[in-house]
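The values are calculated or read from the model by the stated rules, or taken from the named source; none is laboratory data. Treat the numbers as computed from the prediction; the structure is a model and nothing was measured. Please note: Cβ atoms are built from the backbone with ideal geometry, for glycine as well, and neighbour counts cover all protein chains shown.
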């Protein structure tokens, strides 16, 4: 592998452990995200008896069961994504509709979790055990119990995207001794390296109330359908719990993951122009015949990530129905990468010859959070309350180096790119960006049961946000950006009314609001770019406000083993700052006004068991999106960057980029009496416009660079129980071997191809 290459010293784990434990102890008493009883219900009993159906989310802020929660919530259990051989958070999220992926402006693959939820950027709204997880990096799920997707503004967790947020629930010890794990081998018909992966999950009881759990990962893989690309990783996640089943419980957990990849940045957009339907280059059949597996990167490319996280959780039952808890999480993500991708300037006489560009990424994210929560149940004036109140404190830091992009000399033939070609030496960094964010928040959420038919769920979150950003020039580099300091005090919350005509059903109406202040882009990969050191930061702009209106219904069937949901939603993102130039104005664009972004739609979902042997998990969403702003704002924005508009004069009324009108997914399995389980899956993603996803500085007219075409893929699985403890499984993904674009960068110059038909053999054991 390439120069590990000015690689930083290994993360000081012992110092991390000592610091976090000390801080957690000083922070005092506390509660976990869920009581021991709730955790057992979710991760053990629920999966055993109800298949893919989960009855309650993990967070104590969710004060009602999912059936009675006035919000769309998709919970994806490990049982499901383990059957699919999902490896990353990106893989898991393909099981919920309304999520779309983009390749990022500066060359990142979709594995770095650049995605939109219900049309809005959600890459900065990823949580682990209720704590914000910053950084643009691949998140492996070997230590994940379930993934929770909350649709609508992030009213529970403070600042965030208008589409919602994602929470990963990690594995913790239980009072059950077992050893489980598996190994898999994947391959396809192309020249990609095989995909080898093994995991281990063991839990051992120490005494009547204590247990130890250990999760391990090792992976040595290529990328399906792609030459030379690699994914190599290993991870370890030990945890220990004390006081399980008693009034006082404590958990200490640690996770360390290292990834050393050779990144795949996709193929030249010119080879897909008939699919992307771009306006700049006509379809060239001779170029379209280029093999899908050709690798445009270099042998010296690398993408190295080291992530560490330490969690300490303490919870105590003060009395029946009253629990206080405290959780401290300390995390660090160190990512360094050098990658080469197609630039495809569309100006070469021979379309088969394309430009390529080299970029470099160097960034460290650290975060320290402390969450104290009081959960209680009580009666007042004949009303039943399930209340959760708490205090959250966090400090987040990001430090990155900005490098000038290099357009490499010579043109590359799309039919025969040479991954060992010589290139000039990499450039030295030219600027340094530092971001410090401190957050303090108070919240209270309550579910009030008026009578067996009527409930009211809602709450408020008061949050103070402080951001300090500096962009400094290094020797010989570009001019620095201006420093930025901002303090915002915001009030967000939610309110929902639930009517239960029957115990197994609910009808609801809800409203939620959240805030996204300037500078809160710590998971934006572009923060290290020299030309966008402070991305989407408009000085003097008001905080963005997100409002969500939703009406829906939820019903459980078949002895509460099957859940069905239906919801109509309307989400508006207000106070979207727009910059531009007035007539005669020179210099950089300045704030000129505000626009709105609206997404409305219908979402349907199902999860659980139809019969004892038949499991199902699926959903579909229909969306309509629109930008709204004045003609004046179009004029000043077009004057500042006419290239984003092309021949168009207006973008008011345009659809949001990477927001398909229809998307859906289905996974279903059936267990035969002979120990054989058969599974089928399908995914459909409708077409969407290329452009800047949810970006305030760049507005790209619909059709300027074309569309990502729609696609439908199918999958199949067969699993055989060798005995009660061991099974073997075959997965076939993309049964029809459809060639499709899974994501693309904003102007279609390069595209990431979806996996071809792949085969994965695996075995799993549980003793």
Check your understanding: Just a yes or no: is a residue in region 453-472 assigned to a loop (DSSP other than H, G, I, E, B) and either crowded, with 22+ Cβ neighbours inside 10 Å or out of contact with any strand residue (DSSP E or B) (no Cβ under 7 Å at 6 or more places or on another chain) (or both)?
Key -> no
Exercise for review: Please enumerate the residues belonging to region 347-360 that are surrounded by fewer than 23 Cβ atoms within 10 Å (Cβ to Cβ) and touching a helix residue (DSSP H, G or I) at 6+ places or on another chain (Cβ under 7 Å).
Suggested key: 351, 352
Review point. Is there a residue being over 14 Å from residue 358 (Cβ atoms), surrounded by fewer than 17 Cβ atoms within 10 Å (Cβ to Cβ) and without any contact (Cβ under 8 Å) to a residue 24 or more places away in the chain anywhere in region 428-438?
Key: no
Exercise for review: Identify all residues within region 627-653 that are surrounded by fewer than 20 Cβ atoms within 10 Å (Cβ to Cβ) and in contact with a helix residue (DSSP H, G or I) (Cβ under 9 Å, 6 or more places away or on another chain); write none if there are none.
Suggested key: 645, 648, 649, 650, 652
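Here are 634, 624: which of them is in a helix (DSSP H, G or I), modelled with pLDDT of 95 or more and farther than 30 Å from residue 679 by Cα?
Working: 624 fails: in a helix (DSSP H, G or I).
Matching residue, one of 634, 624: 634.
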Review point. Among the numbered criteria (1) touching a strand residue (DSSP E or B) at 6+ places or on another chain (Cβ under 6 Å); (2) under 25 Å from residue 293 (Cα atoms); (3) in contact (Cβ under 8 Å) with a residue 24 or more places away in the chain, which single criterion is violated by residue 694?
Key: (2)
Revision key, fill the gap. Apart from one, (1) in contact (Cβ under 8 Å) with a residue 40 or more places away in the chain; (2) out of contact with any helix residue (DSSP H, G or I) (no Cβ under 7 Å at 6 or more places or on another chain); (3) more than 19 Å from residue 368 (Cβ to Cβ) all hold for residue 134; the odd one out is (3)
Exercise for review: Spot the failing condition for residue 655; the list is (1) in contact (Cβ under 8 Å) with a residue 60 or more places away in the chain; (2) over 21 Å from the mean Cα position of the chain (by Cα), and only one is missed.
Suggested key: (1)
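Tell me which residues, restricted to region 244-255, are under 21 Å from residue 324 (Cα atoms) and in contact with a helix residue (DSSP H, G or I) (Cβ under 9 Å, 6 or more places away or on another chain). Even if it seems obvious, please write down each step before you answer.
Of region 244-255, the ones under 21 Å from residue 324 (Cα atoms) are 244-253.
Residues satisfying the conditions are 244, 245, 246, 249, 252.
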Review point. (1) surrounded by fewer than 22 Cβ atoms within 10 Å (Cβ to Cβ); (2) modelled with pLDDT of 95 or more: which one isn't true of residue 80, the others all being true?
Key: (1)
Study note, to complete from the structure: Flagged in region 474-513 as over 26 Å from the mean Cα position of the chain (by Cα), assigned to a strand (DSSP E or B), modelled with pLDDT under 95 and exposed (fewer than 15 other Cβ atoms within 10 Å of the Cβ), in numbering order, are 485, 487, 489
Practice item. Collect the residues in region 161-172 that are on the phi < 0 side of the Ramachandran plot and either assigned to a loop (DSSP other than H, G, I, E, B) or surrounded by 24 or more Cβ atoms within 10 Å (Cβ to Cβ) (or both), keeping them in residue-number order. Key: 161, 162, 163, 165, 166, 167, 169, 171, 172
Check your understanding: Considering only region 698-740, how many residues are surrounded by fewer than 18 Cβ atoms within 10 Å (Cβ to Cβ) and not in a loop (DSSP other than H, G, I, E, B)?
Key -> 10
Check your understanding: Taking region 121-151, which residues are under 9 Å from the mean Cα position of the chain (by Cα) and over 18 Å from residue 330 (Cα atoms)?
Key -> 122, 123
Point to revise | Selection count, region 654-679, where residues are surrounded by fewer than 15 Cβ atoms within 10 Å (Cβ to Cβ) and in contact with a strand residue (DSSP E or B) (Cβ under 6 Å, 6 or more places away or on another chain) | key: 3
Exercise for review: Find the residue count for region 395-419, including only residues that are surrounded by 19 or more Cβ atoms within 10 Å (Cβ to Cβ), at pLDDT 90 or above and within 30 Å of residue 472 (Cβ to Cβ).
Suggested key: 1
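Is it true that some residue in region 674-686 is free of Cβ contacts under 8 Å to residues at least 24 places away in the same chain, farther than 29 Å from residue 354 by Cβ and not in a strand (DSSP E or B)? First the steps, then the outcome.
Applying the first criterion (free of Cβ contacts under 8 Å to residues at least 24 places away in the same chain) to region 674-686 yields 674.
Keeping just the survivors that are farther than 29 Å from residue 354 by Cβ gives 674.
From the residues that got through so far, the ones that are not in a strand (DSSP E or B) too are 674.
Within region 674-686, one or more residues are free of Cβ contacts under 8 Å to residues at least 24 places away in the same chain, farther than 29 Å from residue 354 by Cβ and not in a strand (DSSP E or B).
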